[in-house]
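Each remark here refers to the structure printed beneath this line.
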Amino acid sequence: MAAIKFEKLTKAYDHNAPVIQNLDLEIEEGSFTVLLGASGCGKSTLLRIVAGLEEKTAGTVYIGGEDMENVEPGDRHISMVFQNYALYPTMTVYDNIDFGLKNMKVPVDERKRRIADVAEAVGLSDFLDRKPKNLSGGQRQRVALARAIAKEPQLFLMDEPLSNLDAKLRAQIRTDLIELYRKLNTTFVYVTHDQIEALSMGTTIILLRGGEVQHMGSPTEIYERPANIYTAKFIGSPPMNVFDVAHLTSAPQVLGAKHIGFRPEKIFLDKSAVQDGDLTLHGDILARELLGDQILYKVKINPVTIVNIKTFNEQPLDYGHIEFYIKAQHLSFFDDRERRIDWGGINEI
Amino acid sequence: MNILKKICKTIVNILLVLIFVTPFYWMFLTAFKTISQTIQMPPLFYVLDPQWSNFSQVFEKIPLLHMFKNSVLISAGILLCQAITVIPAAYAFARYKFAGSKVLFGLTLITMMIPSQLIFLPVYLLLSKLGLINTYASMILPSACSAFAIFMLRQTFMQIPEELVEAARLDKASELKIMLKIMLPIARPTVTTLALLTFISSWNDYFWPLVLTTNDTVRTLPLGISMLKAVDGAVMPYHIIMAGNVLLVIPIIIAFICAQKQIIQAFTYVGEK
């Protein structure tokens, strides 16, 4: 059964053009679904509609098969973690967690047990008497998580919960969240604009643009078989190299192909590994970035086309003219409407 | 340079303190003088034989305890009424967009511009037709709501991040609970300041009690103090008036000391992330 289902969902703010129009979407029970997209794509709006914090303009929202029309946010059995944590500043950590449980009329003993358990789980046992202002950013994040977990919801909603943390803490809490998801076995819906977060944590990624789904699939699929050029260019750093097939003379002939694409990290420089059917390109290095374990090159292969190359653990190349190669199965093709053409290339892996 | 700056700063600070403290000092001083000392030239800046009897004279001349009780009851009544009217109004103006909310808020603000001298007659007529003259109700009702307090509290509520309300809604809290348990504690510095300002103005109010009373039943302390002016001889009894004033301001000073910390917070509060 779908944990969340949208039917012909439309949302417009005041009298502006709708941010989401006639959206049909199902989020699978027990999945860690990531709503990914650039700012303004409607991902947060979608999450807030699920939470009941935002009124939809038209359409139906189901949670656990139940129509959410006129169901108050507090009655939807969901927990939400906000970007700025939204901890109650005048309450202690204990009261922050307890507030929701009290309102849900959980018996006193049960409340005490749950708070003790959850504080233990997120490592807050020694901080229960503190107020949020006396906690570090990472600790506040943990309180927000603890508050969400203690309610034992059927659905976790997270709205960019890591964006206020520094890079190191973010990486740490990311793995914590994966652990948490595996332990709780509940549906997670996670909003982010960060593709690393999406790829690392999600079991399903939904890439949104202008309120429309661009691609919905597993992280592997969305990375290897992007449904269209937008997805191909959104995922990956640097993004997939995509350009007009007409600018190449040696590309494999694929019916209807207008654009060709390949990932920077799939390019190799070792000529001896080249096989029949592989694409060979050459050009001048415009820029070289040494990033420790990897090296990025910006190469101009013809007056209008620049290719990004990413190599790992190799000797840096000197500036000048280079030749590079891509395996046939790593090529993607897109038609004149920028949609993927399945040509069987990747199946050969 | 730095030392010079510090010295200037200290001098200005001392001057400021003097400006504010001197009237109080003069009041306390005069309250302990004899009548001849009050009119002595050049004036005395200290007294060696404090006249405690000035205070007992205050008690003799006016029903001080009765008026003190009136002042307490009326000020407390006004505070209570304002808490009931102002907090929900400010919360609604801050959080809800309803039809006419802007117009209503504008009307609320406009009431601040109407001078009380303009409305005391209609208010008097209204209360007298209701048969409320010389009752506590007549003293409390005209101040039962405050546009200024609504405005101030609304600003504070608006500064509180929307996510807190949303988090509380997801925590299954009712609107009343959100207002009382989440918003009000955060707005506490503002509420305390408003309460103190309201208390001071209702405690010191002279005009409304003067207009709305015809006998001593519900008269308050400021009216009593002005009664002390009734002259026995040729000289105004300043020493007794000042003794009355000392008794009048003591509760205010106590209230101020209690609320001091909160008031400073109210003017420095910047919200919490």
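Summarise the partner chain shielding of A:82-89 as one whole number: the mean count of Cβ atoms from other chains within 10 Å of each residue's Cβ. Write out the running numbers ahead of the final one.
Numbers: counts 7, 1, 5, 4, 9, 5, 9, 9.
Counting other chains' Cβ atoms within 10 Å and averaging over A:82-89 gives 6.
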Got a sec to turn the phi values of the range B:158-166 into Karplus ³J(HN,Hα) couplings, 6.51 cos²θ - 1.76 cosθ + 1.60 with θ = phi - 60°, whole Hz, x for Gly and Pro? 5, 6, 6, x, 4, 4, 5, 5, 5
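Work out the length of the dipole vector of the range B:31-272 about its Cα centre, built from +1 on the beta-carbon of each Lys and Arg and -1 on the beta-carbon of each Asp and Glu, and round it to the nearest 20 debye. Show your work: numbers first, answer last.
On the way: 16 positive and 11 negative charges, 85 e Å.
Its charge dipole is roughly 400 debye.
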For Cα pairs less than 8 Å apart in space and 6+ apart in sequence, what is the mean separation divided by the residue count of chain B, i.e. the relative contact order in percent? 31 percent
The range B:133-166 residues near the modelled residue A:39 label - backbone nitrogen below 20 Å, point 7 Å along Cα→Cβ: B:161-164
Long-range amide H partners of residue A:191, meaning residues 5 or more apart or on another chain whose placed amide H is closer than 5 Å, are A:35, A:158, A:159, A:160
How much area per residue is accessible in chain A when the probe is 1.4 Å and only protein heavy atoms are counted (Å²)? 47 Å²
Residue-normalised value, i.e. accessible area per residue, for chain B at 1.4 Å probe, in Å², stands at 58 Å²
With springs only between Cα atoms under 10 Å apart, run a GNM on chain B and tell me which of B:206, B:96, B:46 wobbles the most. B:96
Could you work out how far the C-alpha centroid of the range A:91-135 sits from that of the range B:96-114, in angstrom? 41 Å
Global size of the protein assembly as shown as Cα Rg and Dmax, reported in angstrom: 36.6, 125
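For the range B:49-178, count the residues as N, evaluate 2.2 N^0.38 Å, and divide the Cα radius of gyration by that value, please. Show your work: numbers first, answer last.
Values: Rg = 20.9 Å, N = 130, 2.2 N^0.38 = 14.0 Å.
Relative to the rule-of-thumb radius for its length, the range B:49-178 sits at 1.50.
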Kirkwood calc, the range A:2-224, C-alpha pairs only, radius in angstrom 18.0 Å
Give me the accessible area of residue A:152, 1.4 Å probe, in Å² rounded to the nearest 10. 110 Å²
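How much of the calculated P(r) for the range B:31-272 lies past 24 Å, in percent of all Cα pairs?
Working: 16956 of 29161 pairs.
Result: 58 percent of Cα pairs exceed 24 Å.
From the mean inverse distance of alpha carbon pairs (Kirkwood) and the Cα radius of gyration, derive Rg over Rh for the range B:90-131. Walk me through the numbers before you get to the answer.
Details: Rg = 14.7 Å, Rh = 12.5 Å.
That ratio is 1.18, to two decimals.
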Restricting to Cα pairs below 8 Å that are 6+ residues apart, what does the relative contact order work out to for chain A? Please round to a whole percent. 16 percent
Can you tell me which of B:153-164, B:11-22, A:273-284 comes out highest on packing, and rank the rest after it, using the mean Cβ neighbours within 10 Å? B:153-164, A:273-284, B:11-22
When chain A is modelled as a GNM with alpha-carbon springs shorter than 10 Å, which of A:106, A:213, A:19 fluctuates the most? A:106
222 nm mean residue ellipticity, helices alone, for chain A (DSSP H n ≥ 4; -39,500 (n - 2.57); rounded to 500): -7500 deg cm²/dmol
Using helices alone, what [θ] at 222 nm do you get for chain B, with -39,500 (n - 2.57) per DSSP H run of 4 or more residues, divided over all residues and rounded to the nearest 500? -22000 deg cm²/dmol
Pull out the extension gain between residue B:174 and residue B:255, defined as 0.36 nm times the separation in residues minus the alpha carbon to alpha carbon distance; nm, one decimal. 25.8 nm
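Let's see if you can work this out: charge +1 on each Lys and Arg Cβ, -1 on each Asp and Glu Cβ, no other charges. What is the dipole magnitude of the range A:2-224 about its Cα centre, in debye to the nearest 20? Walk me through the intermediate numbers first.
Numbers: 26 positive and 32 negative charges, 157 e Å.
Here the range A:2-224 has a charge dipole of around 760 debye.
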Under a Cβ-Cβ cut-off of 12 Å, what is the net charge of the residues other than residue A:47 that fall near it, where Lys and Arg count +1 and Asp and Glu count -1? -1
D_trans [Stokes-Einstein, Kirkwood Rh over alpha-carbon pairs] for the range A:239-338, 4 °C, 1.567 mPa s, µm² s⁻¹: 92 µm²/s
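Assign one of three labels to the range B:1-95, namely rounded, prolate or oblate, based on the Cα gyration tensor with a ≥ b ≥ c the square roots of its eigenvalues; rounded applies when a/c is under 1.5, prolate when it is not and a/b is larger than b/c, and oblate otherwise.
Oblate is the answer for the range B:1-95, as a/c is 1.5 or above yet b/c matches or exceeds a/b.
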Could you calculate the FRET efficiency of residue A:273 with residue A:22 from 1/(1 + (r/R0)^6), where r is the beta carbon distance between them and R0 is 45 Å, rounded to 0.05? 0.40
Inter-part distance where the range B:145-166 and the range B:193-234 are each reduced to a Cα centre, Å: 32 Å
In the Gaussian network model of chain B, springs joining C-alpha atoms below 10 Å, which of B:256, B:45, B:151 carries the largest mean-square fluctuation? B:45
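The values are calculated or read from the model by the stated rules, or taken from the named source; none is laboratory data. Please read all numbers here as calculations on a predicted model, not as lab measurements. With ideal geometry, Cβ positions are generated from the backbone for all residues, glycine too; neighbour counts draw on all protein chains shown. Note: areas computed on protein heavy atoms with side chains; ligands, DNA, RNA excluded. Shrake-Rupley method; radii C 1.70, N 1.55, O 1.52, S 1.80 Å.
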